[in-house]
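Okay, structure first, notes after.
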Amino acid sequence: MSIFEYAPAPESRAIVDIKASCGLFVNGEFVDGHGTPFKTVNPATEEVLAEVAEANDADVDAAVKAARRAYDKVWGPMPGRERAKYLYRIARILQERAREISVLETIDNGKPIKESRDVDVPTAAAFFFYYAGWADKLEHSGYGSTPLGVAGQVIPWNFPLLMLAWKIAPALACGNTVVLKPAETTPLTALLFAEICQQADLPPGVVNIITGAGATGETLVGHPDVDKVAFTGSTGVGKAIARTVAGSSKKVTLELGGKAANIVFDDAPIDQAIEGIVNGIFFNQGHVCCAGSRLLVQESIADEVLTRLKRRMSTLRLGDPLDKNTDVGAINSAAQLARIHELSDIGEAEVGTGDGAGRWSPECELPSTGFWFPPTIFTGVSQAHRIAREEIFGPVLSVLTFRTPSEAVEKANNTPYGLSAGVWTDKGSRILDIAGRLRAGVVWANTFNKFDPTSPFGGYKESGYGREGGRHGLAAYLKGADA
């Protein structure tokens, strides 16, 4: 696939000790689950990594009760400056065990080691550092300083540790306790985080980790003693959660799907824009809710951009996620791979092959085992095509063109989603003008997919509501604040 030859540079997995059987983490201890155990596999090899406990209704209830006791007796009454010490301690342990966590994340998720090592783990630690700083300053946040109680949190499989940090760090900083359910295909780093909580001497019950599939998450969300629900995942599940909690006193934040537009104007720095396009859609195999999956390029430079983009895609290296040279890893599961194939096949039939339209991938030999999909672009796409409207959640880019700034904005906003967008231009005034007209929670200018704990993140329309990160992220976990 690459024009260069690279010697293998595999990261050793010897640093990780994966237990054959994993239990639930409730009240500061690992305990057996009472549901039907399930297996988690390495998506790059289909190797079974561990058998994981499933939490049934009684297990969920035990976890919520443990969180309630910890909230009432320990964590809620604890001064913010004392809570901050625990958060700082967790952040430092994440840094100290970064290599171990990165390897485990890559094995369980399929993402390249250079992304888990250079993005996921350091950003997760940064979130704990950032919110540790807020724990004793809540009265200056503008949202008050009274916590909600017990937070039930459900996170997806694309960024298992990072999403955990986004959820748990602000919740604990504000004085809440947590019951968190990771995705059933990527539970291992959340369970390693439970060990880190023990290592940090976090009081029992402050953080509880329960594993399972949709039924476990549904029980957690609907539990009557959960005060706050935080969910990141699909729009369909988000709508179901909204219906479940409607009429109750629970606060809810939802971070859901997206179909972001990455807009490239004719005065953009093309070389940087090409890197931004690649990073926008092929980072993390496109398993990113804010991925720039729609490229809107000004018609006058469309041919040049496509030529350069294809040349750059031809240098991407797909293969062993533990190899430090790898750019594109494995698709997380067989089910997700089937979904990508389905929508890509539909796209191929829709756009046809005439007038420069079509489906293109660089020459690429896919591994014989595991779940793999090559980086792919579709040209000649119109607004009516499903690949321009539906979230694929894979390394698939739809390319559209525009002639005027107003047309670009109209096409970018023509989606039920509104999570993110990107603008590439040399003019600062154009950046401000376009960004102000885009209906997206995050707009990146001359960059894409940049995450910082000090910046709020969240969406409009069917991309959800509420904000995570920054000062705004505190509002979701404090009484009297709108979130």
Problem set entry | Beta bridges per DSSP with both ends in the chain, % antiparallel, nearest 5 | 30 percent
For this session: Would you work out which of Leu309, Phe373, Gly152 lies farthest towards the positive end of the dipole of the chain, given +1 charges on the beta-carbon of Lys and Arg and -1 on that of Asp and Glu, about the Cα centre?
Result: Gly152
Exercise. Just for region 261-445, what percent of DSSP beta bridges are antiparallel, to the closest 5?
Worked result: 10 percent
Exercise. If amide H atoms are built 1.01 Å from N in the plane of the peptide, which residues on other chains or at least 5 residues away come under 5 Å of the amide H of Ala9?
Worked result: Lys324, Asn325
Exercise. Near the amide H of Trp444, under 5 Å away, which other amide H atoms are found, from residues 5 or more places off or on another chain, if H is placed in the peptide plane?
Worked result: Ala421, Gly422, Val423
For this session: Taking the dipole about the Cα centre of the chain, with the C-beta of Lys and Arg at +1 and of Asp and Glu at -1, give me whichever of Ala50, Leu343, Leu400 is farthest to the positive side.
Result: Leu400
For this session: With 18 Å as the limit, write out which pairs from Lys65/Lys181; Lys167/Lys228; Lys259/Lys324; Lys167/Lys250; Lys250/Lys461 have Cα-Cα distances beyond it, or answer none.
Result: Lys259/Lys324; Lys250/Lys461
For this session: Determine which aspartates and glutamates satisfy two conditions relative to Lys411: a Cα distance under 18 Å, and not lying fewer than 8 residues away in the same chain.
Result: Asp266, Glu299, Glu390, Glu391, Asp433, Glu462
Seminar exercise, completed: Residue by residue through region 262-271, the couplings from Karplus 6.51 cos²θ - 1.76 cosθ + 1.60 with θ = phi - 60°, in Hz, x for Gly and Pro, are 10, 9, 10, 8, 6, 9, 6, x, 4, 4
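Of Tyr465, Tyr477, Tyr143, which has the most accessible area with a 1.4 Å probe, and how do the rest follow in descending order?
Greatest to least solvent exposure: Tyr465, Tyr143, Tyr477.
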Seminar exercise, completed: At the level of C-alpha centres, the distance separating region 304-376 and region 449-483, in angstrom, is 32 Å
Problem set entry | Relative contact order %, the chain, counting alpha carbon pairs below 8 Å whose residues are six or more apart | 19 percent
Exercise. Ile331's amide H: which non-local residues (gap 5+, or another chain) put their own amide H closer than 5 Å, with H modeled 1.01 Å from N in plane and none for Pro or chain starts?
Worked result: Phe371, Trp372, Phe373
For this session: With the Cα gyration tensor of the chain in hand, convert its eigenvalues to equivalent ellipsoid semi-axes via √(5λ) and list them largest first in whole Å.
Result: 37, 26, 20
For this session: Give the accessible area for Asp426 in Å² (nearest 10); use a 1.4 Å probe, count only protein heavy atoms, and leave out ligands, DNA and RNA.
Result: 120 Å²
For this session: Could you tell me which of Asn446, Gly352, Leu254 has its Cα farthest along the dipole of the chain towards the positive end, charges placed at Cβ (Lys, Arg +1; Asp, Glu -1), taken about the Cα centre?
Result: Leu254
Exercise. Summing -39500 (n - 2.57) over the DSSP H runs of n ≥ 4 in the chain and dividing by its residue number, what mean residue ellipticity at 222 nm do you reach, to the nearest 500 deg cm²/dmol?
Worked result: -11000 deg cm²/dmol
Problem set entry | Volume per residue of the C-alpha convex hull in region 261-445, rounded to whole Å³ | 115 Å³
Problem set entry | Straight-distance crosslink candidates among lysines, where the alpha carbon sits under 16 Å from Lys137 and sequence neighbours closer than 8 are dropped | Lys85, Lys479
Seminar exercise, completed: Inter-part gap, Cα centre of region 178-234 to Cα centre of region 58-86, in whole angstrom, is 13 Å
Exercise. Rounded to the nearest 20 Debye, what is the dipole magnitude of the chain about its Cα centre when Lys and Arg each give +1 and Asp and Glu each give -1 at the C-beta?
Worked result: 1440 debye
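The values are calculated or read from the model by the stated rules, or taken from the named source; none is laboratory data. These numbers were taken from a predicted model, which means no experiment stands behind them. Note that we place each Cβ from the backbone using ideal geometry, even for glycine, and neighbour counts take in every protein chain shown. When the accessible area is computed, the model is the full protein with side chains, heavy atoms only, and any ligands, DNA or RNA have been set aside. Shrake-Rupley method; radii C 1.70, N 1.55, O 1.52, S 1.80 Å.
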